[in-house]
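One structure below.
The values are calculated or read from the model by the stated rules, or taken from the named source; none is laboratory data. Worth saying up front: this structure is predicted, and the values here are computed from it rather than measured. With ideal geometry, Cβ positions are generated from the backbone for all residues, glycine too; neighbour counts draw on all protein chains shown.
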Amino acid sequence: MVPAATFTSYYGHPVVKVSPWEANIPAYLFMGGVAGGSSLLAAGADLSGRPALRRAGRLAALGGLTVSMVALVHDLGRPERFVNMLRVIKPTSPMSIGTWILTAYAPGAVLAGGAEILRLLPVSFGPLGRLVEFAARPAGLAAAAFAPGVASYTAVLLTDTATPAWHDAHRELPFVFVGSAAAASGGLGMVCAPLDQAGPARRLAVVGAVAELAVEHRMEHSMGLSAEALHTGTPGRLMRASKALTAAGALGAALFGGRSRVAAGISGVLLMAGSACTRFGVFEAGQESAKDPKYTVVPQRERVDRRRAAESQTRDRTTDPSTA
């Protein structure tokens, strides 16, 4: 008897190339989500008369944008490479569209954040300060308009690759990243704003955390074999920590976040840590799945077998006299 064939690759080498992205890319993914969610939260706080929450959101958006851009440019190697990507618009390229989303988002986030910094300084900047103050609200609203794209496009960027654990999650990962961004930015708002102004941040954090956990559960069941990469090794530890931290933070925010500033702060920190673990865990799972050829070969052979079985059934129906 010939033994059943098992998956293999050329001398056991990876079938797809491991992403060359460095360890600073998960920080780019996380801080971009914080920036996007914080801009939305700041815009709502500005329109509803919550100055402390508005200030926290705008400064968080500015800080998140700065860190994420530094991480991105560091990975690109030279700053001019980012500028070179603006020479064309390629709708089929998540990298191209993401670059334009960041470019459209950045001026509003920088101007709104800069206005908050000027308010904190003990000096007056005369006409310049008044101009920045006048433009702060329109700038903040403009940044909020592009914020959902900032929070989600990085998931599309990952899933558009051939990396098994990223590509197999293409249906759900953008929603996971959006929920994670909402949980992190809401948690940061809970940490920085007083209780009487942090209500929208608490609600955003809880809704985002619940959405992240629910869609993440669905994602793991729809990915197939590559979901193993989310449950083993370093990615598995990060994802388990993410679920525990996010669930604990959401529970604390819902039950105690509106009663105690200490509880709100602890819950907010837990939510931010959970969101960071999600981004780092997904990134590491993708890298690990690219290194193991079974995550590429086994699903590929299963697809071939299913196609052959379907073709065989079609052929049998066309040749069966009883179906004539």
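Summary of computed values
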read-out: Ser222 under 19 Å from the mean Cα position of the chain (by Cα), surrounded by fewer than 18 Cβ atoms within 10 Å (Cβ to Cβ) and within 30 Å of Tyr295 (Cα to Cα); value: yes
read-out: Filtered residues of the stretch 261-276 (kept if within 30 Å of Lys17 (Cα to Cα) and surrounded by 24 or more Cβ atoms within 10 Å (Cβ to Cβ)); value: Gly274, Ser275
read-out: Lone qualifier among Val73, Val132 - being touching a Pro at 6+ places or on another chain (Cβ under 8 Å), surrounded by 15 or more Cβ atoms within 10 Å (Cβ to Cβ), at pLDDT below 90 and in a helix (DSSP H, G or I); value: Val73
read-out: Top-ranked residue of the stretch 153-166 - restricted to ones that are within 18 Å of Glu212 (Cα to Cα) and in contact (Cβ under 8 Å) with a residue 40 or more places away in the chain, ranked as surrounded by the fewest Cβ atoms within 10 Å (Cβ to Cβ); value: Val156
read-out: Options Gly258, Gly249; residue that is touching a Leu at 6+ places or on another chain (Cβ under 9 Å), modelled with pLDDT under 95, farther than 25 Å from Pro20 by Cα and among the small types (Gly, Ala, Ser); value: Gly258
read-out: Sole residue being under 23 Å from Ala27 (Cβ atoms), assigned to a helix (DSSP H, G or I) and either out of contact with any His (no Cβ under 6 Å at 6 or more places or on another chain) or not basic (Lys, Arg) (or both), chosen from Leu251, Leu225, Leu238; value: Leu238
read-out: Residues of the stretch 167-201 satisfying the condition of being crowded, with 24+ Cβ neighbours inside 10 Å and not aliphatic (A, V, I, L, M); value: Phe177, Gly179, Ser180, Ser185, Gly186, Gly187, Gly189
read-out: Condition met for Leu225 (of a type in the set (A, V, I, L, M, F, W, C) and in contact with a Gly (Cβ under 8 Å, 6 or more places away or on another chain)); value: no
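The rows are residues; the columns are (1) at pLDDT 95 or above; (2) touching an Asp or Glu at 6+ places or on another chain (Cβ under 7 Å); (3) more than 20 Å from Ala109 (Cβ to Cβ); (4) among the small types (Gly, Ala, Ser).
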residue	(1), (2), (3), (4)
Thr154	no, no, no, no
Leu157	no, no, no, no
Thr163	no, no, yes, no
Ala169	no, no, yes, yes
Ser185	yes, no, no, yes
Leu188	yes, no, no, no
Arg203	yes, no, yes, no
Val207	yes, no, yes, no
